[in-house]
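This report concerns only the one structure given below.
What follows draws every value from the coordinates through simple rules; no lab data is involved. If you're wondering where the values come from, they're calculated on a predicted model, not measured in any experiment. Counting neighbours? That spans all protein chains shown, and the Cβs are built from the backbone with ideal geometry, glycine included.
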Amino acid sequence: MSKTFANILNDASKVKEVESNRDYKNSILPRLEKLAKLLPNVNELSDKDVKEHVDFVKTLIGTLIENPDQRLTTIEMKWCNELWKTYNNNWKEIDKFIKSDNIINAIKEYRNIHKCGLRDAKNAIENRKVKLLK
């Protein structure tokens, strides 16, 4: 049995498998990309934990792009949910400070959350401010 493209398309189970892989990728990938946008720019930070979070999410995105049939494990999904809760809530509070032009409190809050230095926090807040003003 030849595995040409036409034969695969004629096999209903293969078509369903391809479609389910594409649906899964199209469902999960945008969510991971949204999570990646919530994470700080790793070049601006010296915090080891945050770098690990960024690397984790980037690895998942790369894996899904390269292997559409790949599925996230339960542990990976739970970890992504925890990261989402952490970073989504963090930015909401910081964004309030930025939008009210209270940059000093935004930097303080960022440093408190990420346990980073003043320069790292200042750079992250400045970049976030640019994103918010777009």
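Along the stretch 67-79 the Karplus relation, 6.51 cos²θ - 1.76 cosθ + 1.60 evaluated at θ = phi - 60°, assigns HN-Hα couplings of 10, x, 8, 5, 10, 6, 6, 4, 5, 5, 5, 4, 5 Hz to successive residues, with x for each Gly and Pro. Starting from the Cα of LYS129, step 7 Å toward the Cβ, then list every residue of the stretch 72-114 with an amide N under 18 Å from that point. Only 91-112 pass the distance filter. Compared with the direct C-alpha span, the chain from LYS51 to THR86 gains 11.1 nm at full extension, assuming 0.36 nm per residue. Residue order for LYS25, LYS78, fewest other beta carbons within 10 angstrom first, comes to LYS78, LYS25.
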